[in-house]
Amino acid sequence: VVVRAIGPSLGSFGVSQPLGDTVLTIVDSNGSVIATNDNWQDGNHALDVQRNGLAPPNALDSAIVLRLPPGAYTAVVRGANSATGNALVEVYDLH
């Protein structure tokens with residue numbers, strides 16, 4: 001899957017008070033952190049995100065590529081430096 005946290009890009013779509021810099025964390029059902037990303041281009045899987053045509057429009061948006069076994073997961077989005085604002089979480093199944 002690809003999980004994206006879009007914040008900075010939302011302003012161009014008329015969303016008020018978009019989160020200026022998203023930090024995305026994926027947590028499993030036991031509360032363990034599986035992965036985290038701040039600024040999608042800095043992530044370990046930035047090329048995989050691009051190859052799947054899912055590169056976020058803004059470098060400050062977040063994206064993570066994961067292989068997950070069946071189960072429950074939570075996507076936590078926060079603002080870098082404790083910033084607040086509106087964000088959108090998207091999950092794409094690559095199969």
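The values are calculated or read from the model by the stated rules, or taken from the named source; none is laboratory data. Everything quoted here is computed from the prediction, not taken from an experiment. Cβ sites come from the backbone with ideal geometry, for glycine too, and all protein chains shown count toward neighbours. For accessibility, only protein heavy atoms count, side chains too; no ligands or nucleic acids. Shrake-Rupley method; radii C 1.70, N 1.55, O 1.52, S 1.80 Å.
A few comments on the model shown:
- In the range 46-86, the residues that are closer than 21 Å to S12 by Cβ and touching a helix residue (DSSP H, G or I) at 6+ places or on another chain (Cβ under 7 Å): V49, A55, P56, P57, N58, A59, L60, D61, S62, A63, N86
- Scope the range 8-31; condition out of contact with any Gly (no Cβ under 8 Å at 6 or more places or on another chain) and open to solvent by less than 60 Å² (accessible area, probe 1.4 Å); matching residues: S9, L10, G11, V15, L24, T25, I26, V27, G31
- One residue stands out among those in the range 73-95 that are of a type in the set (S, T, N, Q) and part of a strand (DSSP E or B): the one that is nearest to H45 (Cα to Cα), which is T74.
- Residue match in the range 72-85 (condition: under 15 Å from the mean Cα position of the chain (by Cα) and of a type in the set (K, R)): yes
- Residues of the range 25-45 classified as farther than 16 Å from E90 by Cα, modelled with pLDDT of 95 or more and in contact with a helix residue (DSSP H, G or I) (Cβ under 9 Å, 6 or more places away or on another chain), total: 1
- Among the residues of the range 58-71, the ones that are within 12 Å of the chain's Cα centre (by Cα) and either open to solvent by 80 Å² or more (accessible area, probe 1.4 Å) or of a type outside the set (A, V, I, L, M) (or both) come to 3 in all.
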